[in-house]
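Asks: Next up is a structure, given as structure tokens.
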Amino acid sequence: MLFSRQERIVFVVLSLILVFSISFLFYKTRVVSATGADSSDKRPESYIVQIAGEVLKPGVYQVEEGTRLYQLIELSGGVTPQADISSLNLAAPVHDGLRINIPAQNSIQGDLDRFQFSFSEQIPLSEETDSDLVVQINTASLEELKRLPGIGDVIAQRIIEYRKTYGPFRSVDDLINVKGIGAKKLQDIKNSIRN
């Protein structure tokens, strides 16, 4: 069975279109996978953190982004027999610039009640007077945030959600990024908060 000249030309044209289409798809797939590989090959950000207290090797460590507290404790040789880690969230991620103190078992309970613990510092809370209130915005609970002037359930929840989404506040001024907190409200609560 012989094909006419016109049929052969159509066959060649269709074959070329098919070859070019397959080549184009192959090329696009390779380009997409190559750019995907480049983005996943990026090295994680590195953090500098300090761990002190009841660990075998206290000091300053460089860790990768995503490191958890339990991993940092392992890196520092583990805890001493006197350590009390029951009040720590070992699954918490560490962040750049943190100072973490692993408490001892013989800590005075009265002191524990007077302090709100964060990884970076201990901040005394006020007794009951809101005029002396100091809230640590990176670790405060919903109830503690609601004690701030002009902060109710909704805005307190937004602060907590912002923390979960973007990580800890780097400065008090970062609260301006939370929906519902403007310059005036930030100024009103600025003396009552720390990051």
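The values are calculated or read from the model by the stated rules, or taken from the named source; none is laboratory data. Just so we're clear, the structure is a prediction, and the values are computed from it rather than from any experiment. Because the Cβ atoms are built from the backbone with ideal geometry, glycine has one as well, and the counts that use them run over all protein chains shown.
Asks: Which one of these is at pLDDT 85 or above and either exposed (fewer than 13 other Cβ atoms within 10 Å of the Cβ) or not aliphatic (A, V, I, L, M) (or both): GLY53, GLY97?
Replies: Checking each option against the conditions leaves just GLY53.
Asks: I need the full set of residues from region 174-187 which are over 18 Å from the mean Cα position of the chain (by Cα) and either more than 13 Å from LEU148 (Cα to Cα) or surrounded by 12 or more Cβ atoms within 10 Å (Cβ to Cβ) (or both), in order please.
Replies: ILE176, LYS179, GLY180, ILE181, GLY182, ALA183, LYS184, LYS185, LEU186
Asks: What number of residues within region 55-99 are assigned to a strand (DSSP E or B) and out of contact with any Phe, Trp or Tyr (no Cβ under 6 Å at 6 or more places or on another chain)?
Replies: 11
Asks: How many of the residues making up region 174-195 are small (Gly, Ala, Ser) and part of a loop (DSSP other than H, G, I, E, B)?
Replies: 2
Asks: Does region 117-175 hold any residues that are among the aromatic types (Phe, Trp, Tyr) and modelled with pLDDT of 65 or more, and which are they?
Replies: Those that are among the aromatic types (Phe, Trp, Tyr) and modelled with pLDDT of 65 or more: TYR162, TYR166, PHE169.
Asks: Something else: Take the residues of region 152-167 that are without any contact (Cβ under 8 Å) to a residue 24 or more places away in the chain and of a type in the set (D, E, K, R): which is farthest from ASP188 (Cα to Cα)?
Replies: Checked region 152-167; the qualifying residue farthest from ASP188 (Cα to Cα) is LYS164.
Asks: Testing SER39 on (1) modelled with pLDDT of 80 or more; (2) surrounded by fewer than 10 Cβ atoms within 10 Å (Cβ to Cβ); (3) of a type in the set (S, T, N, Q), one condition comes back false. Which one is that?
Replies: Looking at each condition in turn, SER39 falls short on (1).
Asks: Taking into account only those residues within region 141-173 that are assigned to a loop (DSSP other than H, G, I, E, B) and more than 16 Å from the chain's Cα centre (by Cα), which is surrounded by the most Cβ atoms within 10 Å (Cβ to Cβ)?
Replies: It comes out as ILE151.
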